[in-house]
Ligand SMILES: Nc1nc2c(ncn2[C@@H]2O[C@H](COP(=O)(O)OP(=O)(O)OP(=O)(O)O)[C@@H](O)[C@H]2O)c(=O)[nH]1
Ligand SMILES: [Mg+2]
């Protein structure tokens with residue numbers, strides 16, 4: 001009983017969204033065949049192998065929901081997962097997989113660009129960046145492209161467990177400085193580790209707040 005009350009208190013105080021259900025719905029190559037029920041959706045993008053599918057599984061507390069692999073190029077389709085019967089998480093293919101053939105890269109670009117540019121239900125895009133890397137041209141160019149096309153996005157640093165606290169803070173700070181050379185203000189930034197379940201509450205709260213704001217309109 002005591003535990004239940006404490007849990008309730010925590011939940012109320014921190015307003016953490018509870019994941020009651022999460023299920024795979026459909027995979028597509030074409031945004032025009034994606035679900036057409038008007039539910040809001042939150043998509044995850046980033047370089048191949050950055051940890052998109054792992055982050056989704058961590059957020060939704062289902063280790064095998066989205067397919068993951070230690071080899072890049074695992075997710076090749078637009079994958080819809082229905083959460084709490086209310087909103088969608090979308091797992092997208094990664095970009096920049098160097099060893100893919102030119103045809104495959106072009107095909108993936110078509111899938112990704114089509115979805116991002118034309119999907120009306122897309123509410124926020126989470127752009128994942130490996131926290132260990134210096135800012136990469138491919139990611140900076142991708143952000144510029146999102147900005148030019150008015151796509152709302154947030155930055156999510158992944159694999160936070162791979163760096164110590166000090167290095168992690170330094171890495172995020174230097175990334176922010178690099179971004180400020182190009183951007184007047186920064187998008188929301190999250191630091192996560194799927195391994196350590198770091199950043200889960202923050203991301204879910206952020207999604208929850210967006211849904212609440214849109215519903216209130
Ligand atoms: N240490 C650590 N490894 C991670 C983390 N997130 C993902 N990984 C590992 O990184 C590899 C790639 O993870 P995925 O989730 O499949 O990456 P993805 O971005 O979905 O990759 P594609 O679908 O190929 O674009 C796997 O070996 C994961 O176990 C993390 O937070 N910490
Ligand atoms: Mg994947």
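The values are calculated or read from the model by the stated rules, or taken from the named source; none is laboratory data. Since the model is a prediction, treat every value here as computed from it, not as a measurement. Using ideal geometry, Cβ is built from the backbone for each residue, glycine included, and neighbour counts are taken over all protein chains shown.
None of 41, 23 is away from ligand 1 (no atom under 16 Å from the Cβ) and either farther than 24 Å from residue 145 by Cα or modelled with pLDDT under 95 (or both) except 23. Screening 129, 155, 78 for residues that are surrounded by 20 or more Cβ atoms within 10 Å (Cβ to Cβ), farther than 23 Å from residue 35 by Cβ, modelled with pLDDT of 95 or more and within 16 Å of ligand 2 (Cβ to nearest atom) leaves exactly one candidate, 129. Just wondering, is there one or more residues in region 199-212 that are at positive phi and within 16 Å of ligand 1 (Cβ to nearest atom)? The answer is yes; a qualifying residue exists. Of the candidates 63, 135, 93, the single residue that is surrounded by fewer than 16 Cβ atoms within 10 Å (Cβ to Cβ) and in contact with a helix residue (DSSP H, G or I) (Cβ under 8 Å, 6 or more places away or on another chain) is 63.
Is it the case that region 162-184 has a residue that's surrounded by 14 or more Cβ atoms within 10 Å (Cβ to Cβ) and assigned to a strand (DSSP E or B)? For region 162-184, residues surrounded by 14 or more Cβ atoms within 10 Å (Cβ to Cβ) and assigned to a strand (DSSP E or B): absent. Of all the criteria given as (1) in contact with a strand residue (DSSP E or B) (Cβ under 8 Å, 6 or more places away or on another chain); (2) more than 29 Å from residue 169 (Cα to Cα); (3) in contact (Cβ under 8 Å) with a residue 24 or more places away in the chain, the one not satisfied by residue 96 is (2). When 75, 68 are checked against the criterion of being in contact with a strand residue (DSSP E or B) (Cβ under 8 Å, 6 or more places away or on another chain), within 30 Å of residue 16 (Cβ to Cβ), within 15 Å of ligand 1 (Cβ to nearest atom) and without any contact (Cβ under 8 Å) to a residue 40 or more places away in the chain, 75 stands alone in meeting it. Filtering region 170-217 to residues that are touching a strand residue (DSSP E or B) at 6+ places or on another chain (Cβ under 9 Å), over 17 Å from residue 17 (Cα atoms) and away from ligand 2 (no atom under 16 Å from the Cβ) leaves 171, 172, 175, 176, 179, 186, 187, 188, 189, 191, 193.
The rows are residues; the columns are (1) out of contact with any strand residue (DSSP E or B) (no Cβ under 6 Å at 6 or more places or on another chain); (2) in contact (Cβ under 8 Å) with a residue 40 or more places away in the chain.
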position	(1), (2)
128	no, yes
134	yes, yes
150	yes, no
156	no, yes
159	no, yes
